[in-house]
Structures are given as C-alpha cells and as structure tokens.
Amino acid sequence: MQPTPGRSCPLSYRYASDAFSSAPAIVADTLWIAGGLYGNPHALQALLDAYLADTSNKALVFNGDFHWFDVAREDFALIDETVLGFHAIRGNVETEIAAPEDGAGCGCAYPDWVGEATVAHSDRIIERLRATARSSERDLRALAELPMHMLAEVGGERIGIVHGDAGSLAGWNFSQEVLSTAAGRAQAERDFLRTGVRVFASSHTCLPVLRRFDGERVVINNGSAGMPNFRGERFGLATRISVSASSYALYHARCGSIFVEAVPLRYDVMAWEQRFVATWPPGSDAYRSYFERIRSGPAYSLYEAA
Ligand SMILES: [Fe+2]
C-alpha cells in the first residue's frame, strides 16, 4: 500500500543509533532555540532583537521549519540567508523542499488527530514553496546538508536539539498529546536514559510543551516562533536555556544548574497579517489552515503547555 502524503514518516527521517553520542557542536552559557519560524520575517526580527540584547556568552539555533509561508521569492531569500548565518538543523519543510522524498508530501507525518483538510493544504503549500525554492538563487544543497539533530552543552549539561522527537525528524513523541500519556512519558524516560541528554528541545508539533521528568530532566517544545501559540494571544515563542535566568520568561523549569525557559517573541502582528494575506489570500491553502490561528491563536492554553 502506498503511504499517504503528509501522513507518513520517511525512513530517512530516522536518526542513526549513535545520535547524540558525539561531542557537542556548541558550548555556551546561553542557548536560544527557535523552531517553527514558518517564514515570518517579523518574528525573525523580534527573535534577533531579543537574542542580540542577551549579553551572556550565547548561541542561536534554528531547529527546523524556518521556511513555510515564505513563497514570495524575496521573503524566501531573506529567511534563508539570515537563518543560515546561525546554527540550524533541518525540519521536514527544509528537507522536503531541498531533498524531497517520493510520497512524503510535506513530511509532517501528521497523526490521526489532525484532519484530512489540514494534511491536503500542507501538501499543496510545500509544492508551492518548493517551486519558489527552486526558482530562487539560493543554493538548496545548504538546506539538504543541515543536520537532523544537534548536541549542545550549557552549564555542563547535555542539550539535545531536535525538530521532532528523540528518534525521528518528524516524530510526534514530544507533543502535548503523547507526553500526557503514561506510554509517552515512559518513552521519553527511555530516551533520556539512552542518550544521556538532560534537556530535549523540539518544535515540530507546532504547540508548546514543557514537561519535567525524574532526575530534573526536561522536554521543552517551543511550539512556533512565527505563529501564535495560545488562545487569544499573538506572540511567537522561543526556548532559552541558560546558566542564568532571564526576566522575561513566560514559564520555566529549573534543571540542575540551568534554567529552561519559554520566551515570548512579540513581533509586529499587523504587519505580519498583511504580509501573510498578500501572499496567501482568502481561499488559499495557507489561509484556510492558518489565518484563524494567526489572528486569534490556537485552541490551546498556557495551562496545557506547562
Ligand atoms: Fe515540522
């Protein structure tokens, strides 16, 4: 049987068994991690402003899906060039525009609780984005060659940076839905033991999560840097992991000697809404799937996230 585009998780998305066993690619006092920028240049600006104002010894990692709505060529080039000036891993979006796999669609590996219309819209958005990427002057090999995961070290603690979960680029095991089950929590416990990682930072599921585990271990999922994350709110979210606490975290967990924080990205929402609608007018695939969220936030609360 053929896999359904957008529903399946390509085999190439699975990590090798020795993932997270190499030396850390980054050692810093503060690590900013932003997943799910989704081609929003206003959120990118807010992130860079916050990051540059942080005076500690720091690094910034984009953990995938920095492209998505940026089908206008100048937007695609701006996002691509800026993000690749920092550390980055690829999400399913970058993978499926730079090294597409037959039948993967958007590569989202959507679970059953996501409706058919959303999956179909996403598969058509990726086709349009792929056309932009191919006609741009950007070298797409740079996207294809990005790693699928990265190990960093903050305050002597191992930080596993992923797009999906501890086993796959588009895995959903770090979603609120899975981590709310006993089986999901047991899987995460095994992932911590197997990898020796203290904090996993992910993004792919597009809704934020902070969950504590035995031994002061933490899974933090920033949801989306470039879209609203909570009902009635319009800011994006990034993850900040540091030896020192910031004054602007929305919620946080203490993890040994380090602080794991969800940080709001308050971008120019009106400018973004206008830009989004100019590219994705009413009736378009992205408008139908995302405009309501961009304007009013998803049906999700801070209480559910943390
Ligand atoms: Fe993703």
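Just so you know, all these numbers are worked out from the coordinates, no wet-lab data involved. Note that this is a predicted model, so its numbers are computed, not measured. So basically every Cβ, Gly included, is an ideal-geometry build from the backbone, and we count neighbours across all protein chains shown.
Quick check: from the Cα gyration tensor, does the chain come out rounded (a/c under 1.5), prolate or oblate? Verdict is rounded for the chain. Can you give the FRET efficiency to the nearest 0.05 for residue 116 and residue 181, using r as the Cβ-Cβ distance and R₀ = 35 Å? E(calc), rounded to 0.05, equals 0.90. At an R0 of 30 angstrom, the distance between the Cβ atoms of residue 303 and residue 128 translates into a FRET efficiency of 0.25. Compute the FRET efficiency between residue 214 and residue 292 as 1/(1 + (r/R0)^6), taking r as their Cβ-Cβ distance and R0 = 30 Å, and round to the nearest 0.05. Once the sixth-power term is evaluated, E becomes 0.20.
Secondary structure note: in the chain, about 60% of the DSSP beta bridges are antiparallel.
Rounded, prolate or oblate for the stretch 157-255? Axes are the square roots of the Cα gyration tensor eigenvalues, ordered a ≥ b ≥ c, and the cut-off for rounded is a/c under 1.5. Note, shape of the stretch 157-255 comes out oblate. Residue 190 to residue 49: extension gain in nm, 0.36 nm per residue of separation minus the Cα-Cα distance? Value of the extension gain: 47.0 nm.
Charge dipole of the stretch 84-218 (Cα centre as origin; +1 on each Lys and Arg Cβ, -1 on each Asp and Glu Cβ, all else neutral): 260 debye, rounded to the nearest 20. Label-to-label distance, residue 268 versus residue 57, with points set 7 angstrom from Cα along the beta-carbon direction: 3.6 nm. For the pair residue 278 and residue 142, label points projected 7 Å from Cα toward Cβ lie 2.4 nm apart.
Comparing 168, 249, 206 along the charge dipole axis of the stretch 165-278, the residue lying farthest to the positive side is 249, per the Cβ-charge model. Which percentage, to the nearest 5, of the DSSP beta bridges contained in the stretch 82-211 is antiparallel? Among the beta bridges of the stretch 82-211, antiparallel pairing accounts for roughly 65 percent.
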